[in-house]
Amino acid sequence: MSDQRRTRIEIAKEDMHFAAAHFTVLSATRRENLHGHNFFVTATLDGPIDHGGLCFDYNIVKSKLRELCDSLDEVVLLPTASPYLDIEEGPDYVTVAFGDERLPFLRRDVKLLPVRNVTVEELAHWFVTQLTSSADFAELRVDALELRVSSGPGQWARSAWRPR
C-alpha cells in the first residue's frame, strides 16, 4: 500500500495580471470596438508530495506566469489565427483588415498571438500551452493543471492540462 500523499496548489498572486486592449470578433461582419481590460491569471496544480513535504518549486510556475503576463501588458492583442482578420506586418505598422475596415497600429504597441480570437477562453488555452511547453515546467512533478483567466470580476475562463 502506498503512503503517497497528494495535494492541490493554488497560485493567485496579485501581480499576475496584465492590462491589454483588444476587440472580440463576433462574426465575419461584426466585431466589438477596441477596448481594454485588466486581466488576471490564476493556476491550480495537482501533484504528489515528496518525502520532504514539497510538491514542486512554486517559484518556477510563478516566474513563468509573471513573464507571460508581462509580455501581454500594455499592448493591443491581435489574434493571428482568426478566420475573419487579415493581419499585415510592415516595418513600422501592423495593419488589421476586417471586412472594409483597416485598423493600423504601431508595431511596438501590438502583440500578435496564435489564437482565433482574443477572449478569456483563448487566452486561458494560450497560457496553458506556453506554461506547459517550457523546459522548467516539464521537470516539475505536476499531474494536472487548471489555469484561469479573468477579464474582470466574476468572469473567468478555465483551461486544463494533464501530462500524456
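Couple of notes before you dig in:
- The stretch 123-148, residues that are open to solvent by 30 Å² or more (accessible area, probe 1.4 Å) and either touching a His at 6+ places or on another chain (Cβ under 7 Å) or not β-branched (Val, Ile, Thr) (or both): 125, 130, 133, 135, 136, 138, 139, 141, 143, 146, 148
- Scanning the stretch 24-46 for residues that are touching a residue at least 60 places away in the same chain (Cβ under 8 Å) and of a type in the set (Lys, Arg) yields a single hit, 31.
- Of the listed requirements (1) within 18 Å of residue 119 (Cα to Cα); (2) open to solvent by less than 50 Å² (accessible area, probe 1.4 Å); (3) not in a loop (DSSP other than H, G, I, E, B), residue 47 misses just one: (1).
- Enumeration of residues in the stretch 149-160 that are surrounded by fewer than 18 Cβ atoms within 10 Å (Cβ to Cβ) and assigned to a strand (DSSP E or B): 152, 155, 156, 157, 158, 160
- Candidates 25, 61, 118: the one that is under 18 Å from residue 159 (Cβ atoms) and touching a Pro at 6+ places or on another chain (Cβ under 8 Å) is 118.
- Residues in the stretch 52-83 that are of a type in the set (Ser, Thr, Tyr) and open to solvent by 20 Å² or more (accessible area, probe 1.4 Å) were compared, and the one that is nearest to residue 20 (Cα to Cα) is 71.
- Sole residue being open to solvent by 20 Å² or more (accessible area, probe 1.4 Å) and under 20 Å from residue 20 (Cα atoms), chosen from 91, 104: 104
- For residue 120: the one exception among (1) modelled with pLDDT under 95; (2) open to solvent by less than 60 Å² (accessible area, probe 1.4 Å): (1)
- The number of residues in the stretch 1-23 being touching a residue at least 60 places away in the same chain (Cβ under 8 Å) and in contact with a Lys or Arg (Cβ under 7 Å, 6 or more places away or on another chain) comes to 1.
- Hits in the stretch 1-43 (condition: part of a strand (DSSP E or B) and among the charged types (D, E, K, R)): 6, 8, 10, 31
- Residue list for the stretch 58-115, filter: under 12 Å from the mean Cα position of the chain (by Cα), free of Cβ contacts under 8 Å to residues at least 60 places away in the same chain and outside any strand (DSSP E or B): 66, 67, 69, 70, 71, 72, 73, 114, 115
- The stretch 140-154: number of residues that are of a type in the set (Asp, Glu), touching a Phe, Trp or Tyr at 6+ places or on another chain (Cβ under 9 Å) and farther than 17 Å from residue 41 by Cα: 0
The values are calculated or read from the model by the stated rules, or taken from the named source; none is laboratory data. Just so you know, these numbers come straight off a predicted model, no measurement behind them. Cβ coordinates were reconstructed from backbone atoms using ideal geometry, including for glycine residues, and neighbour counts include every protein chain displayed. Ligands, DNA and RNA are excluded from the accessible area calculation, which covers all protein heavy atoms including side chains. Shrake-Rupley method; radii C 1.70, N 1.55, O 1.52, S 1.80 Å.
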